1. Equivalent ellipsoid semi-axes for segment 60-114, as square roots of 5 times the alpha carbon gyration tensor eigenvalues: give them largest first, rounded to whole Å.
2. Which order do the peptides 132-140, 92-100, 112-120 take when ranked by the mean count of other beta-carbon atoms within 10 Å per residue, highest first?
3. Find the Rg to Rh ratio for segment 100-187, where Rh is the Kirkwood radius over alpha-carbon pairs and Rg uses the same atoms.
4. Plugging the Kirkwood radius over Cα pairs into Stokes-Einstein for segment 90-142, at a temperature of 25 °C and a viscosity of 0.890 mPa s, what D comes out in µm²/s?
5. Could you name the aspartates and glutamates in cross-link range of residue 67, using Cα to Cα under 13 Å and dropping any fewer than eight places away on the same chain?
Amino acid sequence: MESWRRSAFLAAACALAIWSPAAAPAADVPLTSAALRQRAADIVVTLREYRASLEKLLAIYETSLAKAKDQRDQRQEFLNRGIISRREFEDAERAVTEAQAKVDGTRREIAGADHAMAEATTARALAGLSPLKRGGYEQTAVLIRFNGPAPWSLKAGTAKLQEFFTARFHHPLPVSAYGQTPLHDRMGFDHRDALDIALHPDSIEGRTVMDYLREAGIPFIASWGAVAGAASGAHIHVGQPSPRIVSKR
């Protein structure tokens, strides 16, 4: 069972290595748009394979979880009838907890793979587009982008956006990445002054946030994600796109 996990992590390492800063060209030698598109395409392919391996792993863990729950329920009955000791029942409960942790962890890894694929898909799309004029807005089959003229401050801007969102929807803004993260480091993206929000662009909350950003003149890129039917990759990137993924024409 653990061999699946090792294979999954190996695939992820290979995928992220494609975008590692060490593999990237020097800052004063920008990649061409064609090279950017190819690099993004490579990581999407590898991450799809990684995600598929995680799906197989998840199925195995979910089966194990179901069996652990059945055994726990059986031991609960045996405990009630005085057939087994409390310790034997607690062993079964612990097995359920461990099995659930594996299921939850794998689901988080799938969500992370979806987010990485969305980032790479967006990078590939941006590499093929001309820069937007100041204040420009564009929607394609892959993304929505707005080159707002207002300055964006990660700390102050996030606080205002959180306040607006909480007042409107009565729950916290679902932030998926605040500033630079290990994922962005490995993918070679400069995300230091950017915010990622885990909202689907077609949802009421997503549209409301984009309307707020446009009205405030704040730049953003919204992506539907790279996996059909998977909501975890869809997000709204607030701030300018990463310098690494802006096409040099």
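No lab work stands behind these numbers, since they all come straight from the coordinates. Remember, predicted model here, so these are calculated numbers, not experimental data. Backbone-built Cβ (ideal geometry, glycine too); neighbour counts: all protein chains shown.
1. 29, 9, 5
2. Highest to lowest by the protection proxy: 112-120, 92-100, 132-140.
3. That ratio equals 1.02.
4. Answer from the Stokes-Einstein relation: 168 µm²/s.
5. The qualifying aspartates and glutamates are 93, 98.
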